[in-house]
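A.B. asks: A single structure is presented below for examination.
The values are calculated or read from the model by the stated rules, or taken from the named source; none is laboratory data. Treat the numbers as computed from the prediction; the structure is a model and nothing was measured. Heads up, the Cβs are rebuilt from the backbone with ideal geometry, glycines too, and the neighbour counts pull from every protein chain shown. Just the protein is used for accessible areas: all its heavy atoms, side chains included, with ligands, DNA and RNA removed. Shrake-Rupley method; radii C 1.70, N 1.55, O 1.52, S 1.80 Å.
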Amino acid sequence: MLYNLAKPFIFALEAERAHGVTIAGLKTVPMGPAPKCDPVLATTVAGLDFVNPIGMAPGFDKNGEVPDALIRMGFGFAEVGTLTPLPQAGNPKPRIFRLVEDKAVINRLGFNNRGQEEAIPRLKRMRGRMGKGVLGINIGANKDSTDRIADYVIGARNMAPLADYLTVNISSPNTPGLRALQDKGALAELLAAVMDAMGKSKTPVFLKVAPDLEPADIDDVVEVAAEQGIAALIISNTTITRPDLKSNNRSETGGLSGAPLKDLALQRLKDFRKASGGQIPLIGVGGIATAEDAYERIRAGASLVQLYTAMIYEGPTIAAGMNCQLAKLLKRDGFASVIEAVGSADR
């Protein structure tokens with residue numbers, strides 16, 4: 001109710017300005033402990049224990065400033081970033097556009113962040129504030145880098161010691177040429193370099209891919225990920241496609257997220273589930289706004305889910321509310337745990 005009252009004032013602000021105000025608020029407003037989760041929501045993925053399967057997707061907390069606050073809001077895990085080796089301003093403003101009629105957002109941010117070195121001491125402090133929450137760190141390459149694979153190697157060495165899991169992000173449409181790293185040969189070279197850089201680290205490595213893939217691309221990604229020991233695949237990021245949209249901002253360039261992405265992201269999850277035979281854990285992202293959406297993604301094969309855009313429209317209590325309802329859905333269908341429900345739509 002409080003968010004509904006504040007929403008007109010928040011939406012009166014330019015989108016990126018509103019986001020900055022939100023981050024500042026989470027850094028300063030006192031918050032209580034994380035809400036207790038029903039035991040039916042507990043799950044384990046890549047050797048990590050999650051109190052619930054609802055996570056905050058990267059992009060919200062680009063510089064790793066408030067992962068502890070996100071956990072206290074009810075998220076089971078928070079993925080910060082994307083963090084690049086060097087600071088970069090990103091693309092020219094304006095670069096975030098609300099599509100209110102569609103409950104969507106288009107962004108062309110371009111990995112804007114203050115760099116890994118600035119984030120390292122803060123994330124070291126954050127580790128002690130996360131409680132049972134899981135911290136993911138999403139790494140990427142600088143736009144003007146002459147050796148993008150080297151950037152990911154630097155990111156792995158810098159950030160893996162601070163993360164519960166590390167995500168290699170090759171899925172953004174806003175860094176020219178980045179998605180070319182999803183090609184089989186380039187992907188194999190990239191992941192081999194990253195895994196070599198991990199050395200004896202036990203931090204699991206996840207791979208985040210785009211939804212705009214062809215069937216052959218999906219088979220290649222799964223094959224390379226399995227060969228390189230990738231612990232989970234995150235399906236997916238924003239899309240450059242444009243379904244039927246109502247908003248006046250529909251023609252803006254960039255990646256589309258939110259409700260219109262739901263069907264495409266769900267289909268890609270199913271595609272990756274089929275291609276992998278359920279052998280690689282999947283994390284579902286894109287168009288998830290309700291417990292029913294999360295449950296559908298879990299039953300389609302996702303071990304975990306993430307959201308971001310939905311919180312813009314539904315408010316900061318979204319994760320806590322989804323967890324409550326998701327527990328009811330699991331129990332209604334006779335599941336004793338999230339793990340039991342994963343991929344159950346195929347059984």
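A.B. asks: For segment 60-218, with only Lys/Arg (+1) and Asp/Glu (-1) charged at the beta-carbon, what is the dipole magnitude about the Cα centre, in debye rounded to 20? Mind showing how you got there, number by number?
C.D. replies: Values: 22 positive and 18 negative charges, 139 e Å.
The dipole magnitude comes to about 660 debye.
A.B. asks: When every alpha-carbon pair in segment 255-347 is counted, what percent end up more than 17 Å apart?
C.D. replies: Above the 17 Å cut-off, segment 255-347 has 47 percent of its Cα pairs.
A.B. asks: Let me ask something else. At 1.4 Å probe size, what's the solvent-accessible area of residue 3? Round to the nearest 10 Å².
C.D. replies: Per-residue accessible area (residue 3): approximately 50 Å².
A.B. asks: Rounded to the nearest 500, what is the chain's calculated 222 nm mean residue ellipticity when only DSSP H runs of at least 4 contribute -39500 (n - 2.57) each, over all residues?
C.D. replies: -11500 deg cm²/dmol
A.B. asks: Related question: Given the Cα-Cα distance of residue 240 and residue 14 and 0.36 nm per residue of separation, how much length would full extension add, in nm?
C.D. replies: Taking residue 240 through residue 14 to full extension adds about 79.1 nm, to one decimal.
A.B. asks: How about segment 53-125: which trypsin sites (Lys or Arg not before Pro) there are in a DSSP loop, with at most 11 other Cβ atoms within 10 Å of their Cβ?
C.D. replies: Sparse-neighbourhood loop trypsin sites (Lys or Arg not before Pro): none present.
A.B. asks: With the cut-off at 1.5 for a/c, could you classify segment 1-144 from its C-alpha gyration tensor as rounded, prolate or oblate?
C.D. replies: Taking the square roots of the gyration eigenvalues as a ≥ b ≥ c, segment 1-144 is oblate.
A.B. asks: Determine the sum of side-chain charges near residue 51: Lys and Arg each +1, Asp and Glu each -1, restricted to other residues whose C-beta is under 11 angstrom from that of residue 51.
C.D. replies: 0
A.B. asks: With r as the distance between the Cβ atoms of residue 251 and residue 4 and R0 = 25 Å, compute the FRET efficiency 1/(1 + (r/R0)^6) and round to 0.05.
C.D. replies: About 0.30, to the nearest 0.05.
A.B. asks: What's the carbon and sulfur percent of the chain's accessible surface, probe 1.4 angstrom, rounded to a whole number?
C.D. replies: Taking all protein chains in place, the chain shows 55 percent carbon and sulfur surface.
A.B. asks: Place a +1 charge on the Cβ of each Lys and Arg in segment 199-272 and a -1 charge on the Cβ of each Asp and Glu, then give the dipole magnitude about the Cα centre in debye, rounded to the nearest 20.
C.D. replies: I would put it at about 480 debye.
A.B. asks: Then there's this: Starting from the coordinates of the alpha-carbon atoms of the chain, obtain the Kirkwood hydrodynamic radius over all distinct pairs and give the value in Å to one decimal.
C.D. replies: Computed over the chain, the radius equals 19.9 Å.
A.B. asks: Of 64, 10, 323, which is farthest along the charge dipole of the chain in the positive direction, counting Lys and Arg as +1 and Asp and Glu as -1 at C-beta?
C.D. replies: Most positive-ward Cα: 10.
A.B. asks: For the chain, what is the accessible area per residue in Å² when the probe is 1.4 Å?
C.D. replies: Roughly 42 Å² per residue, with all protein chains present.
A.B. asks: List the lysines whose Cα lies under 23 Å from the Cα of residue 124, skipping any in the same chain that are fewer than 8 positions away.
C.D. replies: 27, 62, 132, 200, 202
A.B. asks: Let me ask another. Order the peptides 189-199, 321-331 from the highest to the lowest mean number of other Cβ atoms within 10 Å of their residues.
C.D. replies: Listed from highest to lowest mean packing, they are 321-331, 189-199.
A.B. asks: Okay, next question. Set Lys and Arg Cβ to +1 and Asp and Glu Cβ to -1, take the dipole of segment 106-151 about its Cα centre, and tell me which of 128, 150, 111 lies farthest positive.
C.D. replies: Projecting each Cα onto the dipole axis, the largest value belongs to 128.
A.B. asks: What percent do you get for the relative contact order of segment 221-321 when only Cα pairs under 8 Å and 6+ apart count? It would help to have the intermediate numbers written out before the result.
C.D. replies: Numbers: 133 pairs, mean separation 28.3, N = 101.
Over segment 221-321, the number comes to 28 percent.
A.B. asks: Antiparallel as a % of all DSSP beta bridges within the chain, to the nearest 5?
C.D. replies: Roughly 30 percent of the beta bridges in the chain run antiparallel, per DSSP.
A.B. asks: With charges set only on the Cβ (+1 for Lys and Arg, -1 for Asp and Glu), what does the dipole of the chain come to about its Cα centre, in debye to the nearest 20?
C.D. replies: The calculation lands at about 1020 debye.
A.B. asks: Whole percent per 5 Å bin, from 0 to the bin with the longest distance: what is P(r) over all C-alpha pairs of segment 1-56?
C.D. replies: Whole-percent P(r) values from 0 Å outward: 4, 13, 15, 17, 14, 15, 13, 7, 1.
A.B. asks: A further question on this structure: Starting from segment 127-202, pick out the trypsin sites (Lys or Arg not before Pro) whose DSSP state is loop and whose Cβ has at most 10 other Cβ atoms within 10 Å. The partial results should precede the final answer.
C.D. replies: Working: sites: 127, 129, 132, 143, 148, 157, 179, 184, 200, 202; in loops: 132, 143, 200, 202.
Qualifying residues, ordered by number: 200, 202.
A.B. asks: Report the Cα centroid-to-centroid distance between segment 149-190 and segment 268-330 in angstrom, as an integer.
C.D. replies: The distance from the Cα centre of segment 149-190 to that of segment 268-330 comes to 23 Å.
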